[in-house]
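Please read the structure below before turning to the comments.
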Amino acid sequence: MLLLFAALSPLAQEPHRCAACHSESVADFKTHRHAASGLDCGICHGPSEKHRNSVGNVPPDQVAAPADISKLCGNCHLAEKQQYESSAHGRVYVAGKKVKTANCNTCHGHHALRPWASQVENCQRCHTTLPASCKEKPVSMNARVACMSCHARHTLGVSRQ
């Protein structure tokens, strides 16, 4: 919650203040629904005054490590955070294991929302060997993502067979 208040303070950075050095990230962020709802770079990165004044020689106030992503996103998305942290992927981070696993950004993207079409490819980066049921046709012809046809959002538990 601290970052939320920091981002809403008068010192919070607006995307145009970051664009001089981070034009691609800012352009991506402008397509995100978070930007459309009035959030800015400071919501995730803090005011980062020293970073801006040093012309990049000082890191931003906040750059979330993979293990911190669900905590950061969970400031606003509490129910999703709780679901994720109870999942197999989330339990890896909650237990403090130093293993790479999926987090919010894996599915949703960092600055721009990740397209749904890339989700199967994301899952297959780690889950290279799929059970036979995963290789079959999706449950629904209208399924946006084959993996999500059976796996519940955020927990990724099997919800249909």
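Checked against the criteria, TYR84 counts as touching a helix residue (DSSP H, G or I) at 6+ places or on another chain (Cβ under 8 Å), surrounded by 17 or more Cβ atoms within 10 Å (Cβ to Cβ) and modelled with pLDDT of 90 or more. Residue count for segment 87-107 satisfying the condition of being out of contact with any helix residue (DSSP H, G or I) (no Cβ under 8 Å at 6 or more places or on another chain), of a type outside the set (D, E, K, R) and surrounded by fewer than 16 Cβ atoms within 10 Å (Cβ to Cβ): 2.
For residues that are touching a residue at least 60 places away in the same chain (Cβ under 8 Å), over 18 Å from ARG125 (Cα atoms) and in a helix (DSSP H, G or I), tally how many sit in segment 82-102. Count: 2. Among the residues of this structure, SER140 does not count as one that is at pLDDT below 80, in a helix (DSSP H, G or I) and either farther than 23 Å from CYS73 by Cα or more than 18 Å from the chain's Cα centre (by Cα) (or both). CYS76 meets the conditions (1) over 11 Å from the mean Cα position of the chain (by Cα); (2) among the hydrophobic types (A, V, I, L, M, F, W, C); (3) part of a loop (DSSP other than H, G, I, E, B); (4) modelled with pLDDT under 90 in every case but one. The failed one is (4).
In the set (1) modelled with pLDDT of 90 or more; (2) part of a loop (DSSP other than H, G, I, E, B); (3) of a type in the set (Val, Ile, Thr), VAL26 fails one condition alone, (2).
The values are calculated or read from the model by the stated rules, or taken from the named source; none is laboratory data. Just so it is clear, the model here is predicted, and its values are computed rather than measured. Backbone-built Cβ (ideal geometry, glycine too); neighbour counts: all protein chains shown.
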